[in-house]
Structure formats: C-alpha cells, structure tokens
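Take this structure first; my questions come after.
Since every read-out is calculated from the coordinates, none of them should be taken as a lab result. Note that the structure is a prediction, hence the values are computed from the model and not measured. Methodologically, a virtual Cβ is constructed for each residue, glycine included, from the backbone with ideal geometry; neighbour enumeration extends over all protein chains shown.
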Amino acid sequence: MVHTEDVESVRNAWAETRATGKDYQIQYRVLWPDGSVHWLESQAKCQRNSDGRATRLVGVLTDITRRRLTEEAMLRTEKLAVAGRLAASVAHEINNPLEAVGNLLYLISRVEFAEAARSQAS
C-alpha cells in the first residue's frame, strides 16, 4: 500500500531504526483500495532484547492527509501573496516615472496654452 515513490525512504528508515535503535518517525503516502492517496505519519520506539538485538517496534500510525492538504494550500496561498507583492512593487516602480512624464506633458500643454494667450493679449 505504500506509494511507489516512498517505498525506498520507508525501507531506509526501517533499516536505520533496526540497526541503530533510534526512534522511528517518517511521513509517507499510501494508496487506499479506492485509489485515493493518503499521508501517514509513523512513529515508533525500538525495543531490544538483552543482547541488544531489536525485537519489535511499538508505535502508532496517524492519518495526516488533511494536515498535509492544509499545508499545501497555505504554501500555494503564500506563493500567490508573494507574487502579488512583487507585482505591486513592480507596478509602483513603473508608475512613478510614468506619472512624472504625465505631469511634464500636462505642464507642456499648459505652457503652450499660456504662450498663445499672451500672444493674443499683446
């Protein structure tokens, strides 16, 4: 049932725990019979006999699918927020020179109007 892309990491974690006696903790995907993919978190303690040989792992499996989906949604949202801030920054940097150009064009048009008014008044 372990997802094919996660089989190797699960085997490696299992082998390391058996060899070293370290706590076993890993997150991996599994395929449910209906074809859906779920995330599990496996945590266990290694029990050894008097010779120091690993005899069993005692632990729990937790379905963390909802947590993973929430984390992924938050990451996508954060990426969109960063893109939005970047777009706003770029728009601001482009808008400043354009506004200055617009102001200069307005002043030029007013100067021509003022010069025309002066020439007619004289």
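Can you give the FRET efficiency to the nearest 0.05 for Gln25 and Thr70, using r as the Cβ-Cβ distance and R₀ = 22 Å?
Details: r = 20 Å, r/R0 = 0.92.
Using R0 = 22 Å, I get an efficiency of 0.65.
Moving on to the next point. Tell me the volume per residue, in Å³, of the convex hull enclosing the alpha carbons of the chain. Don't skip to the end; give the middle numbers.
On the way: hull volume 21.2 nm³, N = 122.
Looking at the chain, the number lands at 174 Å³ per residue.
Place +1 on the Cβ of every Lys and Arg and -1 on the Cβ of every Asp and Glu in the stretch 3-93, take the dipole about the Cα centre, and give the residue among Val10, His92, Tyr24 whose Cα lies farthest towards its positive end.
Of the options given, the answer is Tyr24.
Between the alpha-carbon centers of the stretch 13-27 and the stretch 63-85, tell me the distance in whole angstrom.
That distance is 29 Å.
Pairs of alpha-carbon atoms within less than 8 angstrom and 6+ residues apart define the contacts here; what relative contact order does the chain have, in percent? Show your work: numbers first, answer last.
Details: 110 pairs, mean separation 17.7, N = 122.
In percent, rounded to a whole number, it is 15.
Using +1 on the beta carbon of Lys and Arg, -1 on that of Asp and Glu, and nothing else charged, what's the dipole of the chain about the Cα centre, debye to 20? Provide the component values of the computation, followed by the final result.
Working: 16 positive and 16 negative charges, 117 e Å.
Around 560 debye, computed over the chain.
Test of understanding: in a Gaussian network model of the chain with alpha carbons linked when under 10 Å, which of Gly52, Gly84, Gly21 would top the mean-square fluctuation ranking?
Gly52
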